[in-house]
Structure formats: C-alpha cells, structure tokens
Amino acid sequence: MSNALPTLADFGKRLPIGYVDEAGVRHDKFELRDWDWDLEERIGAALEGAEGADAPFGRYISGIMSEAVKSVGTIDLDALKPAQRLGLLSRMYYSDMLYMYVWVRIEGLGHSLKLEPFKCKKCKRMIDFVGDLRQMEVQAVEGDPTKEIVLEHGLTYADKPRKKVKVATLRWSFFEAPEFEQAMRNPATMYLLTLQGGVVEVDGAPKPAYLTREHVKTMKRPEIVRLVREINNIGGGPVMSIEGACPHCKTGFEESIDWSYADFFGRSVP
Ligand SMILES: [Zn+2]
C-alpha cells in the first residue's frame, strides 16, 4: 500500500479534482441524497426513460447519478431540469464522477464488494475475498489536470506541422459517447476517442483543438500511444483496486475492480 494516498473513508465526500463552472468557480464537495424509496423510484424512472439496450455504459451511470447526487459544491441539482443535470455530469471530470459513483454504491448497497474468485499467484489455490470499498485509495489532483507535451514527430493540424500539444484528463462525456461500446472492442476507436477528448490545445492553432481521424493519420503510432497514456494518467481519482492477503499462504495481492458494468451495483454481501 502506498502510504502517501488517503483512503476513501478519510478523503470523504470531496471531489478528487473538482468542477469549475462557467463563472470560473471551483466546486470540490458533493452531497448525495438518502437512498429511500422515493430515490429508488426516481432512479428507476431515469433509467427506464433514458436507456436503450445498447446505450453506452456511461449513460447508465449518468442516469443513476443524476438522481442520486444532491449537490456539487454550491450547485443544487434539484434546481436544474433533468437535461441540465445530465449536462453538468457530462462536463465533470471522469475521475470525479467515478469517485461519486463509488460513494453511491456504498450508500446504496454497503461497502462490501465480493471479488470474482481468483487464483493466488504464489500457492495457486483459489481465493474468495470480500473487499471493503472504504479502504480504496484516492489520488487528488491539485490545479488543472492538464499537461504540455512536446512530440518529436508531431502531427499536421490546420495544414501546418505541430509538435506541442496540451492534454487534459477526460470528461465524463467520453464514457457516454455512442462509439464507446465499439471502442471497448476496437483499440483504434479507443485511441481516436481518447485523443478527441484529451487533446485540448495544439500549438499555434485556434482553441479548443479537436482531432479528426485525418489529423491522427499524420501521427506516428508510438506518439499516439504516448499521448493516450498521458491523458489516462493525469486524472487521479479512486484507485480501482482492492488489496488483501491470500488466506492459505498469506501472500499479499492487489486485484483491480471492474466497475464498468451494472453488477458493480449488484455484487455485495450482507
Ligand atoms: Zn496463496
């Protein structure tokens, strides 16, 4: 366990990055509604109204969160129309949304998370483990989650060669994109979506930048992979893994948590 990071229980209901509104005000706390029957019905209606069978998974989570989140900083979600609430959530940084989502999971179902049984790397026996989501570590980000990167080969953008770009961590809208489910099966689509969401400035070109497939075609693959890695690494947020020790041989393990399916809400133990 890295000593530097606070646990979710210590970090509390704060956003790892924070939401900056149109007036430039940063909101870094949030509140959730009590999960009573009224909220159950509101979530049910939101999911029923918004989802098709093949809707991107991000939309499923947005449906839950638009009803479960009471406020973000001084923004009262009840004062917003449903479409405005969804718009606000789409603009939030994905690690902030994911962090709030873990809290909603804890308040709705408790903090226990049963892992899929897995094999110990040392003694090879099966481990059946129930993790505690309150022990999950949280990486906060100070200031803007952006980074300047100088590329060697670069790209052609607005008809000129460019080598300097600014990347930012992804917004929640990345997970709501209609192409997202396809991107889960197709690395090229995932790279393109990530660059479109994460490259926010290209040196000397009008802001904000937006990379099309034609722009990406002018890049070398190692630089594409590098940018995608940088974009994925600067956002902080909850470290989606559970640590424990093998009950048979006591060897420590760290198992990653797959939150990207509806069962993240279903798998708990009393
Ligand atoms: Zn073992």
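Read-outs: derived from the displayed coordinates by stated rules, not from any lab. Since we're looking at a predicted model, the values are computed, not measured. Heads up, the Cβs are rebuilt from the backbone with ideal geometry, glycines too, and the neighbour counts pull from every protein chain shown.
Some observations on this one:
- Lys/Arg +1, Asp/Glu -1 at C-beta; region 82-148 dipole; positive extreme among VAL138, LEU98, MET126: MET126
- Fluctuation leader among GLU223, GLU181, GLU137 - the chain, Gaussian network, Cα springs under 10 angstrom: GLU223
- Förster radius 30 Å - calculated FRET efficiency between ALA79 and ARG14, Cβ distance, rounded to 0.05: 0.90
- Normalised contact order of the chain, rounded percent, pairs of Cα under 8 Å and 6 or more residues apart: 22 percent
- A straight chain from GLU48 to LYS207 at 0.36 nm per residue would run longer than the Cα-Cα distance by 53.5 nm.
- Think of region 146-233 as a dipole: +1 on every Lys or Arg Cβ, -1 on every Asp or Glu Cβ, centred on the Cα centre; then among MET190, TRP172, VAL225, VAL225 lies furthest on the positive end.
- The chain: radius of gyration over Cα atoms, expressed as a fraction of 2.2 N^0.38 Å: 1.09
- GNM result for the chain, Cα springs below 10 Å: residue of PHE174, PHE11, PHE118 fluctuating most strongly: PHE118
- Three-way shape label, region 1-50, alpha-carbon gyration tensor, a/c 1.5: oblate
- Net lengthening on full extension, ALA23/LYS160 (0.36 nm per residue, minus Cα-Cα): 45.9 nm
- Exceeding the 23 Å Cα-Cα cut-off - candidates LYS70/LYS207; LYS81/LYS147; LYS160/LYS217: LYS70/LYS207; LYS81/LYS147
- Spin-label model distance (nm) - SER241 vs TRP37, 7 Å beyond Cα toward Cβ: 4.4 nm
- Percent RCO, i.e. relative contact order, over region 1-153, from Cα pairs under 8 Å lying at least 6 residues apart: 31 percent
- Debye intensity ratio in log₁₀ form over the Cα atoms of region 69-141, taken at each q of 0.13, 0.19, 0.24 Å⁻¹: -0.58, -0.91, -1.13
- Cα-projected label distance for THR189 with LYS250, points at 7 Å along beta-carbon direction, nm: 4.9 nm
- Crossing angle, helix 221-233 versus the chain [Cα axis fit, 0-90 degrees, rounded to tens]: 50 degrees
- Within region 191-208, backbone nitrogen closer than 15 Å to the virtual label 7 Å beyond the Cα of ILE149 toward Cβ: 191-203
- Mean residue ellipticity at 222 nm, helices only, the chain: -10000 deg cm²/dmol; runs of at least 4 DSSP H residues each add -39,500 (n - 2.57), and the sum is divided by the number of residues.
- Of ARG91, ARG33, ARG125, the residue with the greatest mean-square motion in the GNM of the chain, using alpha carbon springs below 10 Å, is ARG125.
- Calculated P(r) tail over 21 Å for region 146-233, as whole % of Cα pairs: 22 percent
- Over 16 Å [Cα-Cα, region 104-201], rounded percent: 74 percent
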